[in-house]
Amino acid sequence: MGQPLSIPRDMNRILDGRYALVTGGSRGIGEGVAETLAAAGCHIAVASRHRAECQTVADRISATHGVRSLAAACDVSSRKSVAELFTELRAWSSGRLDVLVCNAGYPFVPEIWNTPLDATPADQLERWYRAAFETDTLGSVFCTYEALPLMKAAGRGSIVFVSSTPALEGFQGTPYTIAKAAVLGLMREVAREYGRARIRANALALGNIKTAATYDSLDARTRDAMAAESALGRWGLPEEVGRVVLFLASDLSSFVTGQTLVVDGGALRR
């Protein structure tokens, strides 16, 4: 028999007292995820390259939801920076980490997104592909590497990796697509290797989510066309992503691991 579920009577505080780290948490999707987990009672560490923005989010979360929060600066593509982040996190949480959300990703660059492989300038080829891989893939590897000992010591944990629908079906933005596809491979391997330690790993394949980084950079015609890709006829919202992360982070999904959940409003149907 497995361990009994620890689902509280008050479902609104389903993560009460747990600790989570959200990378790329100072804006957009990461901010929406951090807010949603905090509303469920989870203490939140918010990390990104922008400490001041992280502090703003962390302060608001604490004031609004009555949880502890930590704001930390981190470049996830740097092994040293991630190690320093986890030193700070361990001191803040007394060595506890229940949930890791690997959300940090390489910034959206229209030129990279719109340039097919054969048209990539030769002098940019290595830089474009390496930059996306180092942030999205290696960043997830570095954070998971640091999180696993904490979760193994506790005998439980949930890791949520953020990927995208192009990683499943192929689309444009080849450097991004490759990096996000690699994240799915990492997720499956973590789920396989650490399941017996009661550590679960899952991923989100996100479609068009309305954030300033993408939505605000597009003209009205492109925005409408991308909304029409969804069966629901609209863009998704960061808080909608947050609610899916909440499911995967909580014991509601206690028998779910090694899976990729598509969050795209029904654009990809199979």
In the stretch 139-171, the residues that are small (Gly, Ala, Ser), part of a helix (DSSP H, G or I) and under 13 Å from Leu206 (Cβ atoms): Ala167
Qualifying residues in the stretch 169-188 (those that are touching a helix residue (DSSP H, G or I) at 6+ places or on another chain (Cβ under 7 Å) and of a type in the set (Gly, Ala, Ser)) - the one surrounded by the fewest Cβ atoms within 10 Å (Cβ to Cβ): Gly170
Answer from Arg196, Arg192, Arg223 - the residue that is of a type in the set (Lys, Arg), touching a residue at least 60 places away in the same chain (Cβ under 8 Å), surrounded by fewer than 23 Cβ atoms within 10 Å (Cβ to Cβ) and assigned to a helix (DSSP H, G or I): Arg192
Members of the stretch 236-252 found to be over 22 Å from Asp16 (Cα atoms) and surrounded by fewer than 21 Cβ atoms within 10 Å (Cβ to Cβ), listed by number: Leu237
Of the criteria (1) within 23 Å of Ala34 (Cβ to Cβ); (2) buried (at least 19 other Cβ atoms within 10 Å of the Cβ); (3) among the aliphatic types (A, V, I, L, M), which one Ala213 fails: (2)
Candidates Ala52, Ala45, Ala58, Ala72 - the one that is surrounded by fewer than 16 Cβ atoms within 10 Å (Cβ to Cβ), of a type in the set (A, V, I, L, M) and modelled with pLDDT of 95 or more: Ala52
All positions within the stretch 77-128 that are surrounded by fewer than 17 Cβ atoms within 10 Å (Cβ to Cβ) and touching an Asp or Glu at 6+ places or on another chain (Cβ under 7 Å): Ala83
Residue list for the stretch 13-26, restricted to those being surrounded by fewer than 24 Cβ atoms within 10 Å (Cβ to Cβ) and either aliphatic (A, V, I, L, M) or at pLDDT below 95 (or both): Arg13, Ile14
Near pairs, Cβ below 9 angstrom, 6+ apart or cross-chain, from the stretch 247-270 (under 18 Å from Arg188 (Cα atoms) and free of Cβ contacts under 8 Å to residues at least 40 places away in the same chain) to any residue that is among the charged types (D, E, K, R) and not in a loop (DSSP other than H, G, I, E, B): Phe255/Arg200
Total residues in the stretch 111-138, condition under 19 Å from Arg188 (Cβ atoms) and either among the basic types (Lys, Arg) or assigned to a strand (DSSP E or B) (or both): 0
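A quick yes/no check of all residues on (1) within 22 Å of Glu239 (Cβ to Cβ); (2) at pLDDT below 95; (3) acidic (Asp, Glu):
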residue	(1), (2), (3)
Ala147	no, no, no
Thr165	yes, no, no
Ala191	no, no, no
Ala225	no, yes, no
Subset of the stretch 199-218 that is under 20 Å from Gly105 (Cα atoms) and part of a strand (DSSP E or B) - its residue that is modelled with the lowest pLDDT: Ile209
Any hit, the stretch 89-102, residues being farther than 25 Å from Ala72 by Cβ and touching a residue at least 24 places away in the same chain (Cβ under 8 Å): no
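The values are calculated or read from the model by the stated rules, or taken from the named source; none is laboratory data. What you are looking at is a predicted structure, and each value in this text was computed from that prediction instead of being measured. Methodologically, a virtual Cβ is constructed for each residue, glycine included, from the backbone with ideal geometry; neighbour enumeration extends over all protein chains shown.
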